[in-house]
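Input: a single structure, listed below in structure tokens.
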Amino acid sequence: MAELSREPLRQLFQHLVEKNYSSIGLRDAELTGYIAAMLEEFASTENLYRLRSTAGEPLETVAEMLSASDPVYGEGESFAREREVRQHVGDFALFFTGMFPESLNRSRRRHALLLGANYFSDTLLDYVAAGKESYRIVSDYERCQVAEPKWGSERPEIRGSGPYAGVLFAQLATEFERCMYGLNRLKSELESFQDPIYLEARRIMEEC
């Protein structure tokens, strides 16, 4: 089957997110638009595992990402870098807890345990905690940016940035479990479709 084009994929995720989030009382357009864009972005494994260590190796667990984000005790070279990595941690945690929760208590836990006792064990509860904390940190950064800009003209344009980003990420932190549940419902619906476009979208996401 030919690769699904990005436009139908974007429309598919927007429709499914709005439908399933509305059913659980999450009807904020900014929030649902962010989640739909995240799903489209993470349909590519290259984007899902885009973070790299200082040695250039892909970071595959939340534990590794948290270490890479820490500008004090970890590998993070700046607070701007911490904000970037923390957003990815929040998205990564939400994506896996919502779409593939069954994977978190198997291979990912074994992988993390090999890294040592000081790392997150990467169970579902750890992902939820890390995701909420990361979104909250990003929200704090964004609120400080509005009050006293520190990024200057070099600030990168990234998904979720803007004058109301602090509010958006605060909502993602507060509503993390409901956002996760909305993705659980979306996944169940996606699995039930037989139309080729839906089957192809499912295949793309399962490859992650």
Out of all the residues in region 1-35, which are touching a Lys or Arg at 6+ places or on another chain (Cβ under 9 Å), of a type in the set (A, V, I, L, M) and at pLDDT 95 or above? Ile24, Leu26
Residue list for region 50-69, restricted to those being surrounded by 13 or more Cβ atoms within 10 Å (Cβ to Cβ) and part of a loop (DSSP other than H, G, I, E, B): Arg50, Leu51, Ser53, Leu59, Glu60, Thr61
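The values are calculated or read from the model by the stated rules, or taken from the named source; none is laboratory data. This is a predicted model, so every value here is computed, not measured. Heads up, the Cβs are rebuilt from the backbone with ideal geometry, glycines too, and the neighbour counts pull from every protein chain shown.
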